[in-house]
1. Could you tell me the ratio Rg/Rh of the protein assembly as shown? Both radii from Cα atoms, Rh via Kirkwood.
2. Could you compute how much accessible surface residue A:98 exposes when probed at 1.4 Å, giving the result in Å² to the nearest 10?
3. Taking only Cα atoms, what is the 0 to 90° angle, nearest 10, from helix A:28-43's long axis to the longest principal axis of chain A?
4. Would you be so kind as to list the residues of region B:89-119 that have their accessible area lowered by at least 40 Å² in the full protein complex compared with their chain by itself (1.4 Å probe)?
5. In degrees from 0 to 90, rounded to the nearest 10, what is the angle of the helix A:51-62 Cα long axis to the longest principal axis of chain A?
6. So if the hydrodynamic radius of chain B is defined as the Kirkwood radius over C-alpha pairs, what does Stokes-Einstein give as its diffusion coefficient at 4 °C and 1.567 mPa s, in µm² per second?
7. Per DSSP helix of 4 or more residues, -39500 (n - 2.57); summed, then divided by the residues of chain A. What does that give at 222 nm, rounded to the nearest 500?
8. Summing -39500 (n - 2.57) over the DSSP H runs of n ≥ 4 in chain B and dividing by its residue number, what mean residue ellipticity at 222 nm do you reach, to the nearest 500 deg cm²/dmol?
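The values are calculated or read from the model by the stated rules, or taken from the named source; none is laboratory data. Just so it is clear, the structure is predicted and the values come from calculations on it, not from any experiment. Glycine also receives a Cβ, built like all others from the backbone with ideal geometry; neighbour counts cover every protein chain displayed. These accessible areas exclude ligands, DNA and RNA; they are computed on the full protein's heavy atoms, side chains included. Shrake-Rupley method; radii C 1.70, N 1.55, O 1.52, S 1.80 Å.
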Amino acid sequence: MVRLRYAVTMVVMMTSGTMAILCSSPGEEGKVKKQFHFLSEWVSKDRGEKPLTTARKIRNIRILFARECALKAHIDSYSGTYTPDEIAGHAAAVRSRFSSVSLSFYDFNIDFPEEGSANVNVTARLTGISTTGERVDDAHELECLLKCAEEKWIFTQVEVIDVLRR
Amino acid sequence: MFGIRRLPFVRVAFFHALRFQNVVQKVRSYLKYKMVAYKKVRRFFLPSLTLKFLLRASLVAIVAYLFFGRVCIPLRIQGSSMEPAYRNGGINFCWRPRYLFSEPQRDDVVAVRLAGRKVMLLKRIVAVEGERVEFRDGKLFVDGAEVDEPYVRYAGDWNLPSRQVEKDHVYVVGDNRSMDLEHHDFGQVSVDRIIGGPLW
């Protein structure tokens, strides 16, 4: 009876240990989502954000993008290839127009067409209040291509899907 | 004489005793009723965790999850593009079976999905495939004829050249035309992206 109890306890402990390890180490999908989480965190801005925090966030945005990241949008003037510095500059310019801004991602559809490459279909929603007091709420569907470089997923292509075509 | 005098007293005493007993019974039955009610309420809020109860609770949870996650999705309206019919901050449900056996028609309010169902666009269909849409000084023209839009309370002065709605597409616009043309999301959308309509 005592042996049986020990055996059951051992099995339960081993199962819970395995589960804990599996849950604590996110798979590739989790790592990809994490990059979106970072992008969301670093683009978002609270009212009265300190300049040091702004500088740190802008500097951090650069590490999420490849040396050449392609942007495809229905507005031709935005389409093109950008360097991480240019992207960080654009992000800083956009942030400066808002007193508070929040970027959130919803409905992740992630697939891995080949090793080291991830296709992410996601909804991005930007909400905020501009410095002139205007409320902004914009949602777009994005098709992103991420590549894995040195065990880190970085954005290489972002396409804004034209859901409503005028 | 004495007997005759005593008799009413006994009768009165007996009558009072009976009445008291009656009251006691009533109080007892009332308390019993109260106890039963209390037990019922207690059983409802703090049920004993039997296997039957757990199975029933799991079944209710699964049905609710499927119903509110797949069939009748709760919505919180954010934005003023559909005012006054659907106000900013309003609550509604997206009824998905609406277009199970029918095609979206003109004037229908529909939910358009983006990458998934967590963020959707709520718009009104103003033209279906093959029709030509145009805005002249805020007035909607479909195939060259002006369309009466009783749902538009906040008119604008939009101007948009004529364009044809492609196959398997519908043209959707918000009701609030007082917004700037540039700030309003509208246009033709694939029918596949329409996942239902608001419940009311």
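1. When Rh is taken as the Kirkwood radius, the ratio is 1.24.
2. Only protein atoms counted, so the area is about 20 Å².
3. Around 40 degrees separate the two axes.
4. B:114, B:115, B:118, B:119
5. 80 degrees
6. 58 µm²/s
7. -13000 deg cm²/dmol
8. Value at 222 nm, helices only: -11000 deg cm²/dmol.
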